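The values are calculated or read from the model by the stated rules, or taken from the named source; none is laboratory data. Keep in mind that what you see is a predicted model, and the values were worked out from it rather than measured. When we count neighbours, we look across all protein chains shown, and the Cβ atoms used for this are built from the backbone with ideal geometry, even at glycine. We work out accessible area using only protein heavy atoms, side chains counted, and drop any ligands, DNA or RNA first. Shrake-Rupley method; radii C 1.70, N 1.55, O 1.52, S 1.80 Å.
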Amino acid sequence: MRLAKQCTLAAVAAIAVCLSAWGQGIDYAKIEILTEKIGPNLYLLSGSAGADPGHQDAAGGRIAVLAGPDGIFMVDAQYAQITDKVVAAIRKISAEPIRYLVNTHLHGDHTGGNANFVKMGALLFGREELREEMSRPVAVAAGNAAPVRDPARLPVVTYGMGDPVKLRLNGEIVDLIPVRAAHTGGDTMIRFENADVIMIGDFYRNYGYPFIDTNNGGTLKGALEALDETMKLAGPDTRLVPGHGTIINRNDIVPYRDMILSVQAKVQQMIREGKSEEEVLAAKVTAPYDAKVAGGLLPAGAGTSADRFVRMVYSQLKGGQ
Ligand SMILES: [Zn+2]
């Protein structure tokens with residue numbers, strides 16, 4: 001009931017979030033925004049714990065804010081329902097106008113607030129593929145009116161695969177680095193060269209098992225490639241900031257990638273033996289990692305985060321991906 005009420009009361013921009021898995025059961029009123037300084041003029045904004053069932057450790061997706069006289073550059077926009085709290089946190093950092101916003105990927109916990117920031121004057125950047133993914137009509141349940149979706153939530157400046165888009169502002173060089181289909185089909189990493197920080201989005205996560213959104217163009221192969229690319233791009237001291245979970249460095253990617261490769265090999269073997277998806281799930285192939293993966297056995301989709309991961313690996317390998 002509370003969710004239904006929130007959807008009625010919330011701004012038009014929030015409807016897509018309410019309809020998606022990212023919006024279910026979230027206590028928006030309870031979310032606080034926590035700010036962490038990570039560079040001379042670079043800050044991370046995270047939602048507090050215990051208010052978002054899909055992200056128990058920190059509500060929504062992490063935001064980065066680069067502040068300075070050229071205006072504020074932001075990575076990701078959180079849920080639409082908490083834009084006022086995000087703006088209040090930004091105002092504690094800087095009074096400059098919010099001029100630029102880029103999305104790491106399309107999910108509502110990263111893009112829900114897009115339209116709100118665009119209406120404050122931000123120019124929105126994103127992958128061409130992300131724009132296409134976000135433009136697709138939302139499935140409407142019988143009897144419900146089609147949701148009105150605000151076009152302001154869509155990127156104005158788009159780019160495909162190829163060289164990074166570079167922005168020079170506030171003493172920084174910011175690279176928007178396109179990632180081949182990984183967590184989604186339109187992922188971007190955002191690198192702050194001088195601060196030596198890369199916002200890597202959600203193709204890596206250390207809370208729950210890997211989530212690859214194959215319905216929105218994500219691929220297992222692309223996620224593995226993205227991990228390799230990140231390790232090459234990062235120096236020994238580069239801080240890699242995922243959309244959720246703790247900050248890591250390039251060495252932390254190694255066991256994560258090895259875990260994916262090991263699960264992939266086991267599932268591949270079972271496919272060769274003619275096993276069905278249900279048989280593969282029942283074999284609990286993630287068992288050796290379950291104690292190490294925080295949140296790995298929490299509900300996610302139709303089962304646990306481990307089940308969702310194994311199902312994805314199975315369907316990608318079955319489909320020859
Ligand atoms: Zn995501």
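With every protein chain kept in place and ligands, DNA and RNA left out, what is the accessible area per residue of the range 27-124? Probe 1.4 Å, answer in Å². Spell out each step's value before the answer.
Values: 3260 Å² over 98 residues.
So the range 27-124 comes to 33 Å² accessible per residue, rounded to a whole number.
Peptides 82-91, 50-59: what's the order by average Cβ count within 10 Å, highest mean first? Before the final figure, lay out each step's value.
Numbers: 82-91: 17.9, 50-59: 19.9.
Listed from highest to lowest mean packing, they are 50-59, 82-91.
Antiparallel as a % of all DSSP beta bridges within the chain, to the nearest 5?
Values: 28 of 42 bridges.
Roughly 65 percent of the DSSP beta bridges within the chain come out antiparallel.
Please name whichever of Ala59, Ile190, Asn103 sits farthest to the positive end of the charge dipole of the chain, dipole taken about the Cα centre and charges placed at Cβ: Lys and Arg +1, Asp and Glu -1.
About the Cα centre, the residue reaching furthest to the positive side is Ala59.
Just to be sure I follow the rule: in the chain, considering lysines 8 or more places apart or on different chains, how many pairs have Cα atoms under 15 Å apart?
Lysine pairs meeting the criterion: 9.
Roughly how many Å² of Leu261 are accessible to a 1.4 Å probe, to the nearest 10?
Approximately 70 Å² of Leu261 is accessible to the 1.4 Å probe.
Using just the helices of the chain, give the 222 nm mean residue ellipticity in deg cm²/dmol: DSSP H runs with n ≥ 4 each add -39,500 (n - 2.57), and the total is spread over all residues, rounded to 500. Walk me through the numbers on the way to the answer.
Numbers: 11 runs with 103 residues, N = 321.
Roughly -9000 deg cm²/dmol at 222 nm, from the helical runs in the chain.
What range in the chain is the longest one free of GluC sites (Glu not before Pro) that are in a loop by DSSP and have at most 15 other Cβ atoms within 10 angstrom?
Details: sites that count: Glu32, Glu193, Glu273.
Counting at most 15 other Cβ atoms within 10 Å as exposed, the longest clean stretch of the chain is 33-192.
Rounded to whole Hz and in sequence order, give me ³J(HN,Hα) for the range 92-105 from the Karplus expression 6.51 cos²θ - 1.76 cosθ + 1.60, θ = phi - 60°, writing x for Gly and Pro.
Once θ is set to phi - 60°, the couplings for the range 92-105 become 6, 8, 7, 9, 5, x, 7, 9, 9, 9, 10, 9, 5, 5 Hz.
As an exercise, find the ratio Rg/Rh for the chain from alpha-carbon atoms, using the Kirkwood inverse-distance average for Rh. Provide the component values of the computation, followed by the final result.
On the way: Rg = 19.2 Å, Rh = 20.0 Å.
So for the chain, dividing Rg by the Kirkwood Rh gives 0.96.
Which percent, nearest 5, of DSSP beta bridges in the range 182-321 are antiparallel? Show your work: numbers first, answer last.
Values: 5 of 9 bridges.
Taking every DSSP beta bridge within the range 182-321, about 55 percent pair in antiparallel fashion.
I'd like the antiparallel share, as a percent to the nearest 5, of DSSP beta bridges with both residues in the range 24-135. Walk me through the intermediate numbers first.
Values: 13 of 20 bridges.
Rounded to the nearest five, the antiparallel share is 65 percent.
Distance from the Cα centre of the range 180-235 to that of the range 259-321, in angstrom?
Using only Cα atoms, the two centres lie 20 Å from each other.
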